[in-house]
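These notes are about the structure you will find just below.
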Amino acid sequence: MSTPTTPTGDDRSVEERLRYLTDRIEIQDLVTRYGLGQDLHQDGDNDVLAEWDQVFAPGATVDYSVTGAPLDGVTYKDLAHAMRGPGGSMSGIEHWQHFEGVPTVHIDGDTATARTPHIHTHQGHSGQAGWNLIQTGFFVDRLERRPEGWLIVHRRLEILWMDTFPTIDHTTDPG
């Protein structure tokens, strides 16, 4: 039986508290590396797996079905291909940045859950018209402590809202 390490009161030892804080920081860093995997690879560089292979456990699954795509129970590598492969969902987008908030984390021994707020920004073009897309929501993760550290074994995307708006053409003289 595992011992819960999420704070429940002052009855925990200093070692238990330090272990919880260390685990929590490792999980927060892991969540941030997902966004970096997206953001460090732009302008035709689609190697998100350079970071994602350090974020997800081998065989980890995702549920991004909220997007309308058939992405429930697929592996994170399938998700990378659906986003970054030929004709993928990111192919019409020129620039992006993914901001991951501070997750709420519950740790129970060598397993954990995390709920992380996010805001994702994207800029694209359709013909001559530029546009921006903003998406807000949460990632809900199940994690396991492995010999190589904490890794996500399942991630679900929840979208609160998203919206598009046109860009302003900064190349023309308004006067």
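Quick look at the numbers
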| item | result |
| --- | --- |
| Cα centre as origin, Lys/Arg/Asp/Glu Cβ charges: the stretch 1-94 dipole, Debye | 180 debye |
| Förster radius 30 Å - calculated FRET efficiency between VAL140 and LEU18, Cβ distance, rounded to 0.05 | 0.65 |
| Label-point separation in nm, THR167 to GLU148, each point 7 Å along Cα→Cβ | 3.6 nm |
| Modelled FRET efficiency - R0 41 Å, LEU40 with ILE159, Cβ distances, 0.05 increments | 0.95 |
| Estimated dipole of the stretch 39-175 in Debye, rounded to 20 [Cβ of Lys and Arg +1, of Asp and Glu -1, Cα centre] | 380 debye |
| Cα coordinate range in the chain, projected on the principal axes (Å, largest first) | 68, 37, 25 |
| Gaussian network model of the chain, Cα within-10 Å springs - most flexible of VAL55, VAL74, VAL14 | VAL14 |
| Length added when fully stretched, ALA69-GLU26, from 0.36 nm per residue minus Cα-Cα | 12.4 nm |
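Readers should treat all values here as calculations from the given coordinates under stated rules, not as data from a laboratory. Remember, predicted model here, so these are calculated numbers, not experimental data. Every residue, glycine as well, gets a Cβ built from its backbone with ideal geometry; the counts of neighbours run over all protein chains shown.
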